[in-house]
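Participant: The structure's right below; bear with me while I get my questions together.
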Amino acid sequence: QVQLVESGGGLVQPGGSLRLSCAASGTISSINAMGWYRQAPGKQRELVAVIASGGSTNYADSVKGRFTIARDNAKNTVYLQMNSLKTEDTAVYYCNADIRRRLNSCIYEYWGQGTQVHVSL
């Protein structure tokens, strides 16, 4: 069994910062890409940022220069530092990871349960 557990969401004023964390636990051999997605009310889930196992990153245009994704491979954890938050960043943020549970087994995609980020005065 593999679980992704997010933390760090909450209420913040525009211009503020939050740091999200997502820890993967369970039977894990290796983790490929890890990423963050978000879903605002009435909208489709969208990619926010992704980081490969080697550290290369990719960001949605809407968050470039404001958000930073990082990972700690020793802890199977991915982070999302969100600065200069805007009201339009309000959404449920989901962690995502491509995980190989055992050596030579298939890679499966896993999702966290989501953490709410609300940006408002």
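The values are calculated or read from the model by the stated rules, or taken from the named source; none is laboratory data. The shown structure was predicted, so the numbers you read here are calculated from the model rather than taken from an experiment. We place every Cβ from the backbone using ideal geometry, glycine too, and count neighbours over all the protein chains shown. Side chains are part of the model used for accessible areas, which takes the heavy atoms of the whole protein and leaves out ligands, DNA and RNA. Shrake-Rupley method; radii C 1.70, N 1.55, O 1.52, S 1.80 Å.
Participant: Output the residues belonging to the range 61-117 that are loosely packed, with under 13 Cβ neighbours inside 10 Å, farther than 18 Å from Pro14 by Cα and touching a Ser or Thr at 6+ places or on another chain (Cβ under 8 Å).
Facilitator: The answer is Arg102, Leu103, Ser105.
Participant: For the range 55-121, give me every one of the strands (runs of 3 or more DSSP E) that falls completely inside it and has 1 or more residues that are in contact with an Asp or Glu (Cβ under 9 Å, 6 or more places away or on another chain), modelled with pLDDT of 95 or more and among the acidic types (Asp, Glu).
Facilitator: Fully inside the range 55-121 and qualifying: 91-100, 107-111.
Participant: List every residue pair whose Cβ atoms sit under 6 Å apart, with the two residues 6 or more apart in sequence or on different chains, where the first one lies in the range 1-21 and is of a type in the set (D, E, K, R) and the second, anywhere, is assigned to a loop (DSSP other than H, G, I, E, B).
Facilitator: The qualifying pairs are Glu6/Gly112; Arg19/Gly8.
Participant: Taking the stated definitions as given, is Thr77 among the β-branched types (Val, Ile, Thr) and farther than 15 Å from Leu47 by Cα?
Facilitator: yes
Participant: Here is a check on your reading of the model: is Glu46 among the charged types (D, E, K, R), surrounded by fewer than 17 Cβ atoms within 10 Å (Cβ to Cβ) and touching an Asp or Glu at 6+ places or on another chain (Cβ under 7 Å)?
Facilitator: no
Participant: From the set of residues in the range 1-47 that are over 24 Å from Leu121 (Cα atoms) and assigned to a loop (DSSP other than H, G, I, E, B), which is nearest to the chain's Cα centre (by Cα)?
Facilitator: Top of the filtered list is Arg45.
Participant: Out of curiosity, is Arg38 open to solvent by 50 Å² or more (accessible area, probe 1.4 Å), touching a residue at least 40 places away in the same chain (Cβ under 8 Å), in contact with a strand residue (DSSP E or B) (Cβ under 9 Å, 6 or more places away or on another chain) and among the basic types (Lys, Arg)?
Facilitator: Here the answer is no, as Arg38 does not meet what is asked.
Participant: Please specify each residue of the range 90-114 satisfying the condition of being within 19 Å of Ile31 (Cβ to Cβ) and touching a Gly at 6+ places or on another chain (Cβ under 8 Å).
Facilitator: Tyr93, Tyr94, Cys95, Asn96, Ala97, Arg101, listed by residue number.
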